[in-house]
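Below is one structure, written out as structure tokens; the observations come after it.
The values are calculated or read from the model by the stated rules, or taken from the named source; none is laboratory data. Just so it is clear, the structure is predicted and the values come from calculations on it, not from any experiment. All Cβ positions, even for glycine, are placed from backbone atoms using ideal geometry, and neighbour counts span all protein chains on display. Each accessible area value is taken on the protein alone, full model and side chains, heavy atoms only, with ligands, DNA and RNA left out. Shrake-Rupley method; radii C 1.70, N 1.55, O 1.52, S 1.80 Å.
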Amino acid sequence: MDDYGKIRGAKVAQAFQYLLDRKILIKIAVKGASFENVSVLTDIDLDSPTPRFCIDPPEGMRDALQLKKKCALYCEFNGEDKVLYNFSLAIEDWHGDFWFPLPAEIERIQRRRNFRLQAPMGTVLTLRQLEPPVKLLVVDFSLGGLLCMVESLRAGKDKRRQLFKGRTLNNIDLTFEEAEKTVLIRIRRARIVRTGRNPNTNHEQYAFEFVAIDRAEEKKLTQVLYGMQRKLLRQRMSLEAPSR
């Protein structure tokens, strides 16, 4: 099965068993009701005439389902292979419980570790191995690497001799400036895999691949990425919601 294939048949039940056993967070949205949150499975029943799963209802989900007689439940999760998966269920005349039928198929929607998001303004990569430490502006990022650029054309000239394709750097700090807090992620080692110029600014830019990152730091990066995904989903649902 390729990276953009679908899971069907017995593999659907296997995927739900994985979600239950590992307590994997699932992103849940009720389309048309402006609801989006995260939850976990609490049970699965594969012996009933219609195999089903039960979730721990997050705050606001009951109201969202009661609001709509007909809607779609959209679910998204990160698989054991670090690939992003999703599925949708049609909901009609919801009866008040949180048991739902297993979907006929689950779609694999992203390649392993390569799902990229545009970095928020103010995201900085600091190369502490260099003396003095070099700071670069982050353009976009994923769980496997990032793209960044220098702040000015003059700064690009100063850094060409230090930053070149194939160079590996240690002790790197990735800093996200969020509205309420600053998130610092430490990357033990990264390699420059591509250099060039930003097509919009003409500034020097560098693509880094993460070579070594501690599990706790990778978890923090995953939380940042998923948090931004949730914000984008809320914005998209708001734009797609029909006007009254």
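Quick look at the numbers
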read-out: Sequence of R8, R167, R215 when ordered by accessible area, the most exposed leading, probe 1.4 angstrom; value: R215, R8, R167
read-out: Listed peptides 27-39, 217-229, 121-133 by packing density, highest first (mean Cβ within 10 Å); value: 27-39, 217-229, 121-133
read-out: Rounded accessible area per residue of segment 19-112, 1.4 Å, Å²; value: 52
read-out: Estimated inter-spin distance, L67 and S88, nm [label 7 Å along Cα→Cβ]; value: 1.8
read-out: Solvent exposure ordering (accessible area, 1.4 Å, most first) of K135, K69; value: K69, K135
read-out: Rounded percent of accessible protein surface that carbon and sulfur make up, segment 1-84, 1.4 Å probe; value: 48
read-out: Environment charge of R128, counting only residues whose C-beta is closer than 13 Å and scoring Lys/Arg +1, Asp/Glu -1; value: +2
